[in-house]
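Below: one structure, written as structure tokens.
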Amino acid sequence: GQQLNQSPQSMFIQEGEDVSMNCTSSSIFNTWLWYKQDPGEGPVLLIALYKAGELTSNGRLTAQFGITRKDSFLNISASIPSDVGIYFCAVATGANSKLTFGKGITLSVRP
Amino acid sequence: DAGVTQSPTHLIKTRGQQVTLRCSPKSGHDTVSWYQQALGQGPQFIFQYYEEEERQRGNFPDRFSGHQFPNYSSELNVNALLLGDSALYLCASSLEQYEQYFGPGTRLTVT
């Protein structure tokens, strides 16, 4: 079946540092989304990308939809302690279609 | 504006029993999707409801069924519970868009 690859499984950074995470697929998708999940909570939508090559920002977060439509990356600049959590990439094939998620990357921020 | 709400928060059931989980979508949303999230994994799509009909279904057995009511709220029913059904069950709502907004989830433990 469809599979999204997110690696590494965990990342450890110092407060104030920038961090970049990548998500790849062997298949083409028309929509890429990034979610963050805190312990005991549901995923929260961070950024949605709809066009190949699109670069979108949301505060300190920037995400890009790869030109091949098979990958996306998320950058977090000047990390703070509340950035701790699990970051998931997800893809959709069309409007209101199901979302397929990666396994997530756990981000830890050292003060 | 209330977001997606789910009840109950936690639930403990015994193997073989049946369970019903409930979801109220974000105000103005008409589509509800259900996901199962096992520990350490990304959410897996179960099914989606729109206009009180199941519109899409993931790779889950018929023991998993659902319903959508005229007010767009939804229920997820699981029959003949197995130990492997222990997971966080997430409800997401959307409105003819790609962006799905998640509730906090129901933690189901099967003993």
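The values are calculated or read from the model by the stated rules, or taken from the named source; none is laboratory data. Note that this is a predicted model, so its numbers are computed, not measured. Neighbour counts are summed over all protein chains in view; Cβ atoms, including those assigned to glycine, are modelled from backbone coordinates with ideal geometry. Only protein heavy atoms, including side chains, enter the accessible area calculation; ligands, DNA and RNA are left aside. Shrake-Rupley method; radii C 1.70, N 1.55, O 1.52, S 1.80 Å.
If you average over every viewing direction, what projected area does the convex hull of the Cα atoms of chain B give, in nm²?
Reported value for the Cα convex hull: 6.5 nm².
Can you list which of the trypsin sites (Lys or Arg not before Pro) found in region B:1-75 are DSSP loop residues with at most 15 other C-beta atoms within 10 Å?
B:Arg15, B:Arg63
What FRET efficiency comes out for A:Val84 versus B:Arg22 if R0 is 45 angstrom and r is the Cβ-Cβ distance? Round to the nearest 0.05.
Working: r = 30 Å, r/R0 = 0.67.
About 0.90, to the nearest 0.05.
Under a 1.4 Å probe, what is the accessible area of the protein assembly as shown per residue, stated in Å²?
47
List the extent of the Cα atoms of the protein assembly as shown along each of their three principal axes, largest first, rounded to whole Å.
Principal extents (Cα only, largest first): 48, 37, 35 Å.
What percentages make up the Cα-Cα pair-distance distribution of region A:46-96 when the bins are 5 Å wide from 0?
Going out from 0 Å in 5 Å bins, region A:46-96 shows 5, 18, 28, 24, 14, 8, 3 percent.
Cα centroid distance between region B:5-65 and region A:46-60, in Å?
First find each Cα centre; the distance between them is then 28 Å.
Please pull out the direction-averaged projected area of chain A, using the convex hull of its alpha-carbon atoms, in nm² to one decimal place.
On the way: hull surface 26.7 nm².
Its average projected convex-hull area is 6.7 nm².
What are the principal axis extents of the Cα atoms in region B:1-51, in Å, biggest first?
37, 21, 21 Å, listed from the longest principal axis down.
What do you get when you divide the Cα radius of gyration of region A:1-56 by 2.2 N^0.38 Å, with N the number of residues?
The reported ratio for this selection is 1.32.
So for region B:44-111, averaging the separation of alpha carbon pairs under 8 Å that are six or more residues apart and normalising by length, what relative contact order in percent results?
Relative contact order comes out at 22 percent.
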